[in-house]
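The numbers here are math on the coordinates, done by the rules we state, and not lab data. Keep in mind it's a predicted model, so treat the numbers as computed, not measured. Here the Cβ positions follow ideal geometry from the backbone for every residue, glycine too, while neighbour counts run over all protein chains shown.
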Amino acid sequence: MLNWNSIETVLLDMDGTLLDLNFDNHFWLEFVPQRYAQLHNMSIAESKNHLQPLFKSMEGRLEWYCLDYWSDQLKLDIAGLKVEIAELITVLPHVSDFLSALQSSNKQVYLVTNAHPDSLSLKMEQTCLQPFFDDIICSHHYGYAKENQQFWALFQEEYQWKNTTTLMVDDSLAVLRAAQNFGIHHLISINKPDSQKPAKRITEFSAITDFRELLPLY
């Protein structure tokens, strides 16, 4: 599937790629609507019907990933609510084996995420994955989400990686399309980002169920 000898830089998404998307799905689809319903004295069904169009309208924009934005919009302490259920934050199967193999290679390895800095810090604290990366890139630092071409231009300008020798692994097809449009040659999708849901059928990009499919590196 992949010629590792041609890869110099590895860009890894966080949520749904390295970490189980079950946490985020449960948080936004169940936990936040529950707390919003309590705040406004409405049913959970009414809360979900109100929130889902709001969330949908921000998909692909930096605001969708911004805890400060949603705290202001919903009058809820979103970062604080994440801490309340932090025990649900888990690493997907065989991620640690893959990261260990990368660490033993001569490749540059970057975590590249749309997650808000508060969410990123909480998840690194819970999973202890930070030492595996040469650096962690947060799209909020650049002011553009990974779906935006400006993000890729600014990120590449700062870190000087090459399109032809870079691998991007992400569960978001929108992000992979943006990376493809920017010219990144090696793209892999995750077809089971949420451990509690069936694997997706993905044909647009090469897709893996877990990282054993990318081992060994040589």
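Restricting things to Cα coordinates, could you compute the convex hull volume per residue of segment 23-87 in Å³? Please report the intermediate quantities before stating the final value.
Values: hull volume 5.1 nm³, N = 65.
With only Cα atoms used, segment 23-87 gives 79 Å³ per residue.
If the Kirkwood radius is taken over C-alpha pairs of the chain, then at 20 °C and 1.002 mPa s the Stokes-Einstein diffusion coefficient equals 119 µm²/s.
Proximity of backbone amide H atoms, modeled 1.01 Å from N, is registered between Ala115 and Ser139 at under 5 Å, excluding neighbours fewer than 5 places apart on the same chain. Each Cα pair under 8 Å and six or more residues apart adds its sequence gap; the mean of these over the residue count of the chain is a relative contact order of 29 percent. Geometric descriptor of segment 107-180, per residue, is 92 Å³ (volume of the convex hull of the Cα atoms).
Panel order for Phe155, Phe55, Phe23, by other beta carbons found within 10 Å of each beta carbon, from fewest to most: Phe55, Phe155, Phe23. Measuring from a point 7 Å past the Cα of Leu173 along Cα-to-C-beta, which residues in segment 57-73 have an amide N at less than 16 Å? Inside the label zone: 60.
Computed from backbone phi, the HN-Hα couplings of segment 18-24 come to 8, 10, 5, 6, 4, 4, 5 Hz, rounded to whole numbers (Karplus: 6.51 cos²θ - 1.76 cosθ + 1.60, θ = phi - 60°; Gly and Pro given as x). Per-residue extension of 0.36 nm, minus the Cα-Cα distance of Glu204 and Ser105, leaves a gain of 32.8 nm for this segment. For His186, the residues whose modelled amide H falls within less than 5 Å of its own, excluding neighbours fewer than 5 places apart on the same chain, are Thr166, Met168. The order of His140, His185, His40, going from fewest to most other C-beta atoms within 10 Å of their C-beta, is His40, His185, His140.
For the chain, please report how many Lys pairs fall under 13 Å Cα to Cα, leaving out neighbours fewer than 8 apart on the same chain. All intermediate terms of the calculation are to be shown ahead of the outcome.
Working: Lys48/Lys56; Lys82/Lys123; Lys107/Lys162; Lys192/Lys200.
Pairs that pass both the separation and distance tests number 4.
Listed from fewest to most Cβ neighbours within 10 Å, the set His26, His186 follows the order His26, His186.
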